[in-house]
Amino acid sequence: MSGSSRRRRVIRTVIGLAAVLVLSVAGAGAWFYHRLDTNISTFDAGGVATERPPAPVPTAPGASVPVNVLLLGSDTRNDGNSDLGGGDEGVGHSDTAILLHVYADRKHAVGVSIPRDTLVTVPSCRLPSGDWTKPRTNQMFNEAFTVGESPKGNPACTQNTVESLTGLRIDHTIVVDFKGVAAMTDAINGVEVCVPNDVNSHDIKLRKGLQKIAGQPAVDYLRARYGIGDNSDIGRMKRQQAFLSSMIRKIQSQGFSLPTLLPLADAATRSLTVDEGLGTAMKLVDFAQSLQQIKLSDITFVTTPWRFSVVQKGRVDLVHPDVDTLWRLLREDRTLDGQSTGLVPEADTAGPTPAATDGTATPAPAATPLSPEQLATTVTVVNGVGTDGLAGQGSAAIRAQGFTNVSLGATTGGRLRTEIAYDPPYKAVADQLATLFPGARTTVEPGSEGVTVTLGRDYRPVPGGTGPGSRPVAGGTPAAVGAATGAPVGAPTGAPTGPPAATGPLPSGVPSAIAENSRNADADPCANLTFG
């Protein structure tokens, strides 16, 4: 594919957050809500995976829980978007994605940018025919949106990919197109941005410095990759984060009066494709109203810790364990410096909590030695992900603890969480195995004649040796399996298949790899516009 074609399919930006914020208006009249309803497009929920991360549980009846919103930009050329983006109609792409985590306290939010070139596993996704694909490893992240080759893309597949990657349940997905960028910036009379240098490249012309842009120039600013800054997709993402911050600032500064909001709400909804949970104006308003108390200074944008891939030139690997810490902070609804905001009790900084037989979390059992007879229990290891070699690695880890009767079961696929099923007489064995597979769910299966360990995408080897993270089991031998990179066992380097299990206390302060990839929404719009 030529560089020109690649540039043309670069998405505009993810400004769904701003689009939702402007809908927080009451008393606009039933006629206007009806008009907005007719504007909104939804995507079929049938493409969302059936096995998903669990929804967060409120700390008390009626308490709020965090909300995760996946914001996607689409470079579709259909429905008049070719006038702004150029090129012909074809397969829809989404080269920019921001995972917005709204904390349970509704006073903080974090937007996580996932580089489009990140090598990941794209899980099973539904095609337009209704068939489901097989999981594909070592794929660029933005390939998920193209599954099925629809001009409007496949938002459900991207949602499935993000859930598999992060272990976070996505509550809502919002897609915005070219026209949305142009119309919404026009509706608020422009957005202030900073251009690091004069740009006159590939039909995109921008002048250096701080300026206000709207319409086509706004689309150009967000599309530009070559000839601006460091010419990288990472640098472009940082400019998009700065743009979104400026847009939110502009909306807040103009206030939430009807003359300001109505044209913006009309423009926003005409450009959105959303999940069915946000498929009406009233649903969007209800969600938007829950965001009004978030100050600009309490919104942080962060790019996933990354490095250029050594396996595939020009691609991006996520950096472990830093990205694992990021996902864990969000799963536990903690700020980036590890502080609790209400979902997780402040004292809860312990590591893994294997589940009881009813699926509720309980402390890990003590590692008491097993008898020779117990170590001879039949243990069957099942690859529940489909990644080559995963069951073999898991069985080797079990044998290293002294178990002598370990075999492999038939590979399945699509499992997010590791499960340990056992016949009641073997509960002690199952409890010991739970210490080797932190976070696993244990279930009773009478008559199963032993223990079956089905490995999920959460499976990560515990680092070897006697240092932090080692877990003595079955007689005290430390676990000593896994990859130094922190990648899933059996998965290609740079293609994480899911979040790691939580191990040990969280670090104090913001980890450096997260801090250096972050910017506050109230930061100087000219600051830190490249990764260099």
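Of the listed pairs Lys205/Lys313; Lys107/Lys238; Lys107/Lys208; Lys205/Lys283, which have alpha-carbon separations greater than 32 Å here? Kindly include the intermediate steps, with their values, before the conclusion.
Values: Lys205/Lys313 29 Å; Lys107/Lys238 23 Å; Lys107/Lys208 35 Å; Lys205/Lys283 39 Å.
Beyond 32 Å: Lys107/Lys208; Lys205/Lys283.
Residues of segment 197-311: accessible area per residue at 1.4 Å, in Å²? Before the final figure, lay out each step's value.
Working: 4520 Å² over 115 residues.
Per-residue accessible area for segment 197-311 comes out at 39 Å².
Which value, in Å² and to the nearest 10, is the accessible area of Arg106 when all protein chains are kept and the probe is 1.4 Å?
Near enough 50 Å² of accessible area.
Just add up the charged neighbours of Pro155: K/R +1, D/E -1, any other residue whose Cβ is under 10 Å from the Cβ of Pro155.
On the way: positive: Lys152; negative: Asp44, Asp275.
In short, -1.
If DNA, RNA and ligands are ignored and the probe is 1.4 Å, what is the ranking of Glu192, Glu449 by accessible area, most exposed first? All intermediate terms of the calculation are to be shown ahead of the outcome.
Numbers: Glu192 90, Glu449 140 Å².
Listed by decreasing accessible area, they come as Glu449, Glu192.
Between Ala440 and residues 5 or more places away or on another chain, which pairs have amide H atoms under 5 Å apart, with H built 1.01 Å from N, and which residues are they?
Ala355
Provide the solvent-accessible area of Arg307, counting protein heavy atoms only and rolling a 1.4 Å probe, rounded to the nearest 10 Å².
Answer for Arg307: close to 100 Å² accessible.
Express the C-alpha Rg of segment 145-233 as a ratio against the empirical globular expectation 2.2 N^0.38 Å, rounded to two decimals.
Numbers: Rg = 16.4 Å, N = 89, 2.2 N^0.38 = 12.1 Å.
Computed over Cα atoms of segment 145-233, the ratio equals 1.35.
Mind checking which aspartates and glutamates have their Cα closer than 16 Å to the Cα of Lys427? Skip sequence neighbours fewer than 8 apart in that chain.
Counting by Cα, and skipping residues close in sequence, Lys427 has these aspartates and glutamates nearby: Asp358, Glu373, Glu419, Glu445, Glu449.
Suppose accessible area is computed on protein heavy atoms with a 1.4 Å probe; arrange Met247, Met282 from highest to lowest. Don't skip to the end; give the middle numbers.
On the way: Met247 0, Met282 95 Å².
Result of the area sort, largest leading: Met282, Met247.
Where a Cα-Cα gap under 12 Å defines reach, which aspartates and glutamates qualify for Lys295, not counting those fewer than 8 residues away within the same chain?
Here the aspartates and glutamates satisfying the reach criterion relative to Lys295 are Asp522.
Cβ under 13 Å from Leu370's Cβ, Leu370 left aside: what net charge do those residues give with Lys, Arg +1 and Asp, Glu -1?
Values: positive: Lys427; negative: Glu373, Asp431.
Residues near Leu370 contribute -1 overall.
Less than 14 Å Cβ to Cβ from Pro424, Lys/Arg counted +1 and Asp/Glu -1: what total charge do the surrounding residues give? Don't skip to the end; give the middle numbers.
Values: positive: Lys427; negative: Asp423, Asp431, Glu445, Glu449.
Overall, the nearby charge balance is -3.
Quick one: what Rg and Dmax do you get for segment 262-342 from the alpha carbons, in Å?
Final numbers for Rg and Dmax: 18.0, 50 Å.
Run the 1.4 Å probe and let me know the accessible area of Asp131, rounded to the nearest 10 Å².
Accessible area, nearest 10 Å²: 90 Å².
Over segment 369-436, with every protein chain in place, what whole percent of the accessible area is carbon and sulfur at 1.4 Å, could you tell me?
On the way: 1430 of 2680 Å².
With neighbouring chains kept in place, the figure for segment 369-436 is 53 percent.
Looking at the square roots a ≥ b ≥ c of the eigenvalues of the Cα gyration tensor of segment 92-210, which shape do they give, rounded for a/c under 1.5, prolate if a/b is larger than b/c, or oblate? Each step should come with its number before you reach the end.
On the way: a/c = 2.01, a/b = 1.51, b/c = 1.33.
Cα axes put segment 92-210 in the prolate bin.
With just the Cα atoms defining each centre, how far is segment 281-317 from segment 147-168? Give it in Å.
Answer, in whole Å: 16.
Could you give the dipole magnitude of segment 87-166 about its Cα centre, charging the beta-carbon of Lys and Arg +1 and that of Asp and Glu -1, in debye to the nearest 20? List each step's numbers first, then the result.
On the way: 7 positive and 9 negative charges, 66 e Å.
Rounded to the nearest 20 debye, it is 320 debye.
I'm a student and want to see the number: the projected area of the Cα convex hull of segment 275-318, averaged over all directions, in nm². Present the calculation step by step, with values, prior to reporting the outcome.
Details: hull surface 22.5 nm².
Result: 5.6 nm².
Over segment 374-419, how many percent of alpha carbon pairs lie in each 10 Å bin up to the one with the longest distance?
29, 52, 18, 0
The values are calculated or read from the model by the stated rules, or taken from the named source; none is laboratory data. Remember, it's a predicted structure, so these values are computed and weren't measured experimentally. For neighbour counting, all protein chains shown are included, and Cβ atoms are generated from backbone atoms with ideal geometry for every residue, glycine included. The accessibility values were calculated without ligands, DNA or RNA, using every heavy atom of the protein model including side chains. Shrake-Rupley method; radii C 1.70, N 1.55, O 1.52, S 1.80 Å.
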